[in-house]
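Everything below concerns the one structure shown next.
What follows is calculated from the coordinates using simple rules that are stated; it is not laboratory data. Computed from a predicted model, the values in this text were never measured in an experiment. We place every Cβ from the backbone using ideal geometry, glycine too, and count neighbours over all the protein chains shown.
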Amino acid sequence: MQSGERGFTDAMAQLGLAPRVEFGLVICCFTPVEGARAGASIEVGVSVDELGPWPQAPPHWIHLSTDIRFGRTNSQPSSKPGWLMHSRNVAGWGDAEPAAGWTSHLQAVLSEAIS
């Protein structure tokens, strides 16, 4: 298994999430199954700078368009204009294969979206 940015992008590509790099982010198309965006393909990003320890450790910040909102969040401006990065800890990292663990984490986070 590759590590770092290459390992992450390869893993996301194998899942059919069409990763690309722009604005210093790996951006993937992801479809949540719960929450305000259930069934809709949305773009989700992670900072290339956070992918050094992949797959031993997941990225912490999730970058999303500002039109995706949460009732409670700790956010900061993203490197991509019109996006915010949301602070989210990953519980139980290492309990599943890394790509499956990451997409499960995204499902959990995006299930909390209110718009």
* Can you find, among Gly16, Ile42, Trp83, the residue farthest towards the positive end of the dipole of the chain? Put +1 on the C-beta of Lys and Arg, -1 on that of Asp and Glu. => Trp83
* Asked: Are there GluC sites (Glu not before Pro) in the stretch 29-101 that DSSP marks as loop and that have at most 16 other Cβ atoms within 10 Å, and which are they?
  -> Glu34
* Structure fact -> Contact order relative to length for the chain, counting C-alpha pairs under 8 Å separated by 6 or more residues, stands in percent at 26
* Could you work out the per residue convex hull volume over the alpha carbons of the stretch 4-110, in cubic angstrom? => 93
* To do: Specify the longest stretch of the chain that does not include any exposed loop site, a site being one of the trypsin sites (Lys or Arg not before Pro) with a non-H, G, I, E, B DSSP assignment and at most 16 other Cβ atoms within 10 Å.
  => 1-68
* Calculate for the chain the 222 nm mean residue ellipticity that helices alone would give, adding -39,500 (n - 2.57) per DSSP H run of length 4 or more and normalising by residue count, nearest 500 deg cm²/dmol. => -6500 deg cm²/dmol
* **Whole-angstrom gap from the stretch 15-56 to the stretch 88-115, using each part's C-alpha centre** => 11
* To do: Using DSSP, restrict attention to beta bridges with both residues in the stretch 14-115 and report what percent are antiparallel, rounded to the nearest 5.
  => 100
* Loop chymotrypsin sites (Phe, Trp or Tyr not before Pro), the stretch 1-46 (other Cβ atoms within 10 Å of the site Cβ: 14 or fewer; DSSP) -> Phe23
* **3J(HN,Hα) from dihedral phi, the stretch 46-54, Karplus parametrisation 6.51/-1.76/1.60, rounded to Hz, x for glycine, proline** => 9, 6, 4, 4, 8, 8, x, x, 4
* Could you give the nm distance between label points at Ser41 and Ala96, where each point is 7 Å from its Cα heading toward the beta carbon? -> 2.2
